[in-house]
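Asker: One structure follows; several queries about it will come next.
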Amino acid sequence: MSEQRVGHVSLRTVAAAVAVAAFALVLLVPAGWGRSGAISWAEPTPASLSRFTVKAGSPLSFKLAASTSVVGAAVRIVPVDGLPAGATFSSSGGSAAVASFRWVPRTAGEFTLRFAASTGRVSAPTLTYVIRVPGAAVAKAPKVPKVQYPRTSALSNARVAKWGVVLRPAVVRAQPRLSARAVTTLETMTSDETQNLVLVLQSLEVSARETWYRVRLPILPNNTTGWVQRSALGRLYSVNTHLYLDLKKLTLTLQRDGVAVFETQVGVGRSFWPTPRGEFYVRSKLTNFDSPMYGPVAFGTSARSAVLTDWPGGGFVGIHGTNEPQILPGRVSHGCIRLRNEAILKLASLMQVGTPLTIR
């Protein structure tokens with residue numbers, strides 16, 4: 001049969017492109033929900049690694065400023081690890097943000113502060129400052145037992161989990177040492193242009209100045225973990241929810257503090273595009289889709305398809321609504337987890353990002 005052409009594109013080429021686009025909508029693998037732009041620190045921001053010396057009882061203050069070139073984006077400046085007791089911090093928002101730090105220290109010591117500027121999609125390099133407060137008369141501290149290193153702590157379990165935002169690109173190691181084999185590199189943004197985060201399973205204090213976190217990784221093979229330095233992550237947040245998917249019963253259950261608070265029937269991957277089993281976590285929350293196929297809300301997870309590895313964005317498994325509720329429950333997808341729209345809205349009201357996900 002002869003091939004008709006429209007302009008410079010053949011009808012056969014158009015048909016093939018439409019088929020590929022339709023296939024790509026079935027699994028939640030957003031290759032980009034927007035464009036990221038740069039954030040820059042500006043005057044009068046002190047240079048990173050600046051050191052300040054101030055007497056106890058004397059005030060110390062400085063200003064920070066940051067701006068973005070993205071139209072409509074708002075910059076927010078925040079302290080990364082909190083502030084010393086008695087310190088105050090205020091920040092304006094907008095395309096150009098200005099923040100003020102003020103503190104009157106009362107005790108001697110050396111204090112480290114870190115500040116981040118972000119739009120929620122992109123971040124500027126984190127600033128670090130050291131404040132030295134010399135020679136004030138302070139009460140002699142009682143003797144405490146000497147800390148024995150290395151020291152290990154479990155941070156996540158079935159009822160409570162810890163997660164943190166990736167502040168800077170970081171190499172993940174197979175063991176908690178810089179000489180260990182590199183497993184992967186964590187970026188600050190996900191493939192759907194949300195801020196990247198990881199589930200933190202364990203901490204290892206090698207010394208008073210060196211701490212490593214064992215984290216769950218969004219890579220193949222599924223269920224991979226690795227070690228990253230503490231400085232690569234921001235403050236750790238806690239969640240007391242845990243999501244369970246039963247592939248045999250086709251049910252999705254959310255527990256809070258070990259008690260079920262939500263359950264619904266779902267659609268999962270077909271036998272040749274299976275939903276992977278293992279331990280994962282909820283990585284992002286997405287709304288405002290152009291296609292009704294995703295429903296009103298979608299969650300990105302760290303689980304990845306082991307068979308659709310060439311998919312744009314890497315074949316990440318999503319949890320989302322559907323415009324075909326009549327096909328649920330069933331094995332109907334390329335690996336994603338489909339809920340009726342009213343169910344995904346209820347789940348979204350109960351579950352935060354960082355929630356662990358067990359698929360069995």
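The values are calculated or read from the model by the stated rules, or taken from the named source; none is laboratory data. Everything numeric in this text was worked out from a predicted model, so none of it was measured. Backbone-built Cβ (ideal geometry, glycine too); neighbour counts: all protein chains shown.
Asker: Here are some residues: 276, 292. Which one is over 23 Å from residue 121 (Cβ atoms) and crowded, with 19+ Cβ neighbours inside 10 Å?
Answerer: Being over 23 Å from residue 121 (Cβ atoms) and crowded, with 19+ Cβ neighbours inside 10 Å holds for just one of 276, 292, which is 276.
Asker: Does region 140-152 contain any residue that is closer than 22 Å to residue 281 by Cβ, within 26 Å of the chain's Cα centre (by Cα) and crowded, with 18+ Cβ neighbours inside 10 Å?
Answerer: Checking region 140-152: not a single residue is closer than 22 Å to residue 281 by Cβ, within 26 Å of the chain's Cα centre (by Cα) and crowded, with 18+ Cβ neighbours inside 10 Å.
Asker: In this structure, does residue 117 turn out to be over 26 Å from residue 55 (Cα atoms), at pLDDT 90 or above, hydrophobic (A, V, I, L, M, F, W, C) and not assigned by TED's automatic domain parsing to the domain that holds residue 233?
Answerer: In short, yes.
Asker: In region 48-82, which residues are part of a loop (DSSP other than H, G, I, E, B) and under 26 Å from residue 135 (Cβ atoms)?
Answerer: Result: 49, 50, 54, 55, 56, 57, 58, 59, 81, 82.
Asker: Sticking with this structure for a sec: If a residue counts only when it is in contact with a strand residue (DSSP E or B) (Cβ under 7 Å, 6 or more places away or on another chain), surrounded by 14 or more Cβ atoms within 10 Å (Cβ to Cβ) and of a type in the set (D, E, K, R), which strands (runs of 3 or more DSSP E) contained entirely in region 170-269 have at least 2 such residues?
Answerer: Output list reads 210-216.
Asker: Which condition number in (1) modelled with pLDDT under 95; (2) farther than 22 Å from residue 242 by Cβ; (3) not in a loop (DSSP other than H, G, I, E, B) is the one that residue 286 fails?
Answerer: (2)
Asker: Right, here's the next one. Just need a number here: residues in region 62-91 that are of a type outside the set (A, V, I, L, M), more than 24 Å from the chain's Cα centre (by Cα) and either farther than 22 Å from residue 165 by Cα or loosely packed, with under 13 Cβ neighbours inside 10 Å (or both).
Answerer: Counting residues in region 62-91 that are of a type outside the set (A, V, I, L, M), more than 24 Å from the chain's Cα centre (by Cα) and either farther than 22 Å from residue 165 by Cα or loosely packed, with under 13 Cβ neighbours inside 10 Å (or both) gives 5.
Asker: With the requirement that a residue be without any contact (Cβ under 8 Å) to a residue 40 or more places away in the chain and within 17 Å of residue 46 (Cβ to Cβ), what does region 91-103 give you?
Answerer: 91, 97, 98, 99, 100
Asker: Look at residue 107 and say whether it is assigned to a loop (DSSP other than H, G, I, E, B), of a type in the set (Ser, Thr, Tyr) and in contact (Cβ under 8 Å) with a residue 40 or more places away in the chain.
Answerer: It is true that residue 107 is assigned to a loop (DSSP other than H, G, I, E, B), of a type in the set (Ser, Thr, Tyr) and in contact (Cβ under 8 Å) with a residue 40 or more places away in the chain.
Asker: Taking residue 85, is it assigned to a strand (DSSP E or B) and assigned by TED's automatic domain parsing to the domain that holds residue 45?
Answerer: No, not satisfied.
Asker: Then there's this: In region 332-344, which residues are surrounded by 15 or more Cβ atoms within 10 Å (Cβ to Cβ) and at negative phi?
Answerer: 332, 333, 334, 336, 337, 338, 339, 340, 341, 343, 344
Asker: So, residue 54, is that one surrounded by 14 or more Cβ atoms within 10 Å (Cβ to Cβ), under 30 Å from residue 188 (Cβ atoms) and modelled with pLDDT of 90 or more or not?
Answerer: Here the answer is no, as residue 54 does not meet what is asked.
Asker: Residue 138 - would you say it is in contact with a Ser or Thr (Cβ under 6 Å, 6 or more places away or on another chain), modelled with pLDDT under 95 and either in the same structural domain as residue 48 (by TED's automatic domain parsing) or among the polar types (S, T, N, Q) (or both)?
Answerer: no
Asker: Among the residues of region 204-228, count how many are over 18 Å from the mean Cα position of the chain (by Cα) and aliphatic (A, V, I, L, M).
Answerer: Residues meeting the conditions: 3.
Asker: Run down 300, 335 and say which single residue is in a loop (DSSP other than H, G, I, E, B), of a type in the set (Gly, Ala, Ser) and modelled with pLDDT of 90 or more.
Answerer: Answer to the check: 335.
Asker: In this structure, does residue 308 turn out to be in contact (Cβ under 8 Å) with a residue 12 or more places away in the chain, among the aliphatic types (A, V, I, L, M) and assigned to a strand (DSSP E or B)?
Answerer: no
Asker: Please enumerate the residues belonging to region 338-360 that are among the charged types (D, E, K, R) and assigned to a strand (DSSP E or B).
Answerer: 338
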